[in-house]
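Everything below concerns the one structure shown next.
The values are calculated or read from the model by the stated rules, or taken from the named source; none is laboratory data. The structure displayed is predicted, hence computed values, not measured ones. Glycine gets a Cβ as well: all are built from the backbone with ideal geometry, and neighbour counts include every protein chain shown.
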Protein chains: 2
Amino acid sequence: MHELRKDILLGRWIEVLSESKEPSEYHLHIGKGSAERSCILCSGRENETPREITSVRKPGTLPNTPGWWVRAIPSFNPLFRVEGDLNRRGVGIYDRMNNIGANEVLIESPEHNVRPEDMGLEQMIRVIRLYRDRIVDLNKDLRLRYILISKNSILDPWDTFFHPVSFLVAIPVIPKKIKDELENAKQYYDYKERCIFCDIIREELRVGERIILETRNFLCFCPYASTFPFESWIIPKRHSCDFQEISDEEIEDMGFILMNVLKKMRTIFKKEFKTELPFSYFLHTAPNRVPRRNHWHTLGDDYHWHLEIVPRLIRRNGFELGSGLFILTTSPEKAAKYLREVG
Amino acid sequence: MHELRKDILLGRWIEVLSESKEPSEYHLHIGKGSAERSCILCSGRENETPREITSVRKPGTLPNTPGWWVRAIPSFNPLFRVEGDLNRRGVGIYDRMNNIGANEVLIESPEHNVRPEDMGLEQMIRVIRLYRDRIVDLNKDLRLRYILISKNSILDPWDTFFHPVSFLVAIPVIPKKIKDELENAKQYYDYKERCIFCDIIREELRVGERIILETRNFLCFCPYASTFPFESWIIPKRHSCDFQEISDEEIEDMGFILMNVLKKMRTIFKKEFKTELPFSYFLHTAPNRVPRRNHWHTLGDDYHWHLEIVPRLIRRNGFELGSGLFILTTSPEKAAKYLREVG
């Protein structure tokens with residue numbers, strides 16, 4: 001029998017089908033990677049990109065020259081721009097504002113054809129540190145309400161770049177999905193006086209069947225009401241609302257767990273997706289708590305940062321689009337079992 | 001300059017890009033239709049489908065035999081089932097319930113290779129009447145909270161059927177997207193004592209630039225904060241929260257406007273999508289108001305039914321998935337202009 005499950009964080013129901021699809025039953029057209037020679041994100045072509053915002057590089061090398069390990073540059077076609085003011089106003093009965101914000105490309109490696117899970121732990125740690133440093137820096141801008149870091153795997157057909165990159169988008173509003181998470185977490189906290197995410201961690205550890213990996217500082221599991229098959233979350237065991245508070249020890253641990261779960265995903269879908277599994281991930285952290293006008297209280301007891309990884313295996317039908325009630329074709333328990341047991 | 005716009009119905013922001021893509025700039029892989037001979041939804045193979053729930057047919061013909069114009073049958077692989085009870089309960093800290101509901105295939109024509117916009121007005125009217133009659137019938141079941149009718153165009157690559165059909169799903173919860181619409185519409189009504197949709201109709205008529213078509217009873221327009229390029233809504237000018245209250249005259253008018261806007265969409269994308277434009281549409285109507293426990297008040301002053309049509313031209317990236325802030329690559333004003341001006 002199919003089952004309806006409530007996503008207690010987004011406040012919506014999803015349906016888990018009783019007969020879970022196996023990895024081999026998913027198929028999706030994947031594009032081809034772009035040739036290395038046409039890639040200006042590779043080392044040696046620094047003068048062809050916008051000037052770097054920051055980089056981590058070999059001692060003695062200069063900005064905008066080779067020698068870097070990771071590098072942040074402004075986006076080529078930014079969705080948001082730093083200059084100007086919000087000019088939030090009504091237009092008839094509607095509302096609009098200017099696209100104030102920031103838009104950066106975080107280049108994860110000087111090499112063109114490296115997958116994140118093959119970069120090595122040291123490089124993965126540099127990438128996660130870059131995430132943290134860019135968030136710390138941008139949170140100083142009081143106009144920015146939210147910073148979202150996301151990644152699409154390099155062979156994702158609807159991706160712009162094929163060089164391994166993440167995207168940072170800083171925006172003047174709290175986007176809906178985050179708002180829903182914040183509001184539901186706050187409602188839970190108001191009632192229970194406990195963090196809903198901490199309770200989820202305890203529940204997952206108690207039940208065990210949705211856990212993929214556990215390390216000293218992190219848990220990786222398939223959420224009870226996942227909206228994508230094989231969706232996997234990485235969450236710190238220590239309560240912390242804000243990713244920018246991550247410690248160096250935790251970054252190492254997170255690098256290890258992220259690398260491992262991406263390797264596992266690639267392995268179980270190896271047959272179906274010869275080149276690489278298409279996936280996205282995104283970091284959910286607290287809104288910028290610096291501006292006073294932030295109406296989420298600054299203690300942060302009711303939120304808990306985490307990374308959501310979603311394999312891009314499916315497309316939504318009209319019912320799902322029209323209702324926001326998603327159909328989950330592989331149960332989180334089955335997905336976690338596949339991911340847990342693969343070498 | 002790009003622009004952030006608020007979707008006042010779903011309570012979220014979207015970004016409209018300043019340089020609108022033209023129809024010719026959209027490309028998406030489309031599957032091939034299934035062969036007619038393998039289709040059991042065609043006339044003459046009634047004994048191979050589940051027994052019909054209802055049909056509209058030539059006088060003197062018997063149920064489950066040829067002679068029908070439109071036909072409702074139970075779904076082959078139902079997501080929801082009528083028998084049993086909800087058994088809503090906690091599972092650890094989570095919530096679940098059984099998949100009680102209904103799942104029907106509404107066959108729109110005995111012919112295999114006919115597009116909705118080519119069916120002719122009379123047939124389109126029969127289809128819309130079937131929508132109404134099935135909703136009226138299912139609303140009698142007090143366990144059902146919401147009925148959603150949706151359609152994917154026949155050559156949609158992720159569709160199951162290629163025969164022209166709509167899907168009806170009746171569910172025991174109000175899905176998130178509807179809930180957001182209902183809650184925002186109620187909040188507006190509480191403050192303004194006016195229906196937000198009626199105000200949107202007035203605003204669109206006043207401004208004019210997002211209107212595609214207008215008839216005596218309906219308006220067809222591209223919403224100010226569309227989430228899909230070329231998204232188009234059909235909305236009755238008369239205030240009515242519940243699609244099942246549609247009059248026969250309105251059904252005729254709706255058939256005319258729906259047929260016309262689908263023709264217009266096909267025409268502007270003819271070059272890019274040789275066979276057919278992939279689209280979905282879904283009917284947003286009030287929740288089932290029969291059960292007493294419905295906590296939306298039964299007057300229905302604060303909701304207004306409408307049909308949303310979304311061409312399936314794009315795929316979401318990680319930022320959009322992670323944030324729920326969607327990027328609109330063609331502005332509603334440009335989209336409406338294309339659709340309005342095409343013959």
* To do: Name, by its number, the condition in (1) free of Cβ contacts under 8 Å to residues at least 24 places away in the same chain; (2) within 27 Å of A:Tyr146 (Cβ to Cβ); (3) in a loop (DSSP other than H, G, I, E, B) that does not hold for A:Lys270.
  => (2)
* With the checklist (1) in contact with a Phe, Trp or Tyr (Cβ under 8 Å, 6 or more places away or on another chain); (2) within 14 Å of another protein chain (Cβ to nearest Cβ); (3) part of a helix (DSSP H, G or I) in hand, flag the one item A:Val169 doesn't pass. => (3)
* How about region B:178-203: which of its residues are without any contact (Cβ under 8 Å) to a residue 40 or more places away in the chain and not in a helix (DSSP H, G or I)? -> B:Glu193, B:Arg194
* **Residue that is modelled with pLDDT under 90, surrounded by fewer than 16 Cβ atoms within 10 Å (Cβ to Cβ) and not in a strand (DSSP E or B), where the choices are A:Ile30, A:Ile40** => A:Ile40
* Structure fact -> Every listed condition ((1) small (Gly, Ala, Ser); (2) away from every other protein chain (no Cβ under 13 Å); (3) surrounded by fewer than 18 Cβ atoms within 10 Å (Cβ to Cβ)) holds for A:Gly90 save (2)
* Asked: Can you tell which of A:Ser43, A:Ser38, A:Ser75, A:Ser55 is touching a Pro at 6+ places or on another chain (Cβ under 6 Å) and of a type in the set (Gly, Ala, Ser)?
  -> A:Ser43
* Asked: Is it true that some residue in region B:289-305 is at positive phi, in a loop (DSSP other than H, G, I, E, B) and modelled with pLDDT under 95?
  -> yes
* What are the residues in region A:309-326 that are at the interface with chain B (Cβ under 7 Å from one of its Cβ atoms) and crowded, with 23+ Cβ neighbours inside 10 Å, if any? -> A:Gly318, A:Phe319, A:Gly322, A:Ser323, A:Leu325
* Structure fact -> The correct count of residues that are of a type outside the set (Asp, Glu), over 28 Å from B:Gly208 (Cβ atoms) and surrounded by fewer than 14 Cβ atoms within 10 Å (Cβ to Cβ) in region A:65-87 is 3
* Pick from A:Asn64, A:Asn47: which is modelled with pLDDT under 95 and over 26 Å from the mean Cα position of the chain (by Cα)? -> A:Asn47
* Among the residues of region B:213-222, is there at least one that is of a type in the set (Phe, Trp, Tyr) and either more than 19 Å from B:Glu308 (Cβ to Cβ) or modelled with pLDDT of 95 or more (or both)? -> yes
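Name the residue that is nearest to B:Glu231 (Cα to Cα), counting only residues in region B:310-333 that are assigned to a helix (DSSP H, G or I) and touching a Cys at 6+ places or on another chain (Cβ under 9 Å). I'd like the intermediate steps shown before the answer.
From region B:310-333, those assigned to a helix (DSSP H, G or I) are B:318-323, B:332-333; that's our starting set.
Narrowing further to those that are touching a Cys at 6+ places or on another chain (Cβ under 9 Å): B:332-333.
Working: B:Pro332: 8, B:Glu333: 11 Å.
The residue in question is B:Pro332.
Let's see how each residue does on (1) touching a Cys at 6+ places or on another chain (Cβ under 8 Å); (2) surrounded by fewer than 23 Cβ atoms within 10 Å (Cβ to Cβ); (3) at pLDDT below 95:
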site	(1), (2), (3)
A:Met259	no, yes, no
A:Thr267	no, yes, yes
A:Lys271	no, yes, yes
A:Leu307	no, no, no
* **Checking A:Cys220 against (1) closer than 24 Å to A:Glu252 by Cα; (2) in contact (Cβ under 8 Å) with a residue 40 or more places away in the chain; (3) surrounded by 21 or more Cβ atoms within 10 Å (Cβ to Cβ); (4) within 14 Å of chain B (Cβ to nearest Cβ), the condition it does not meet** => (4)
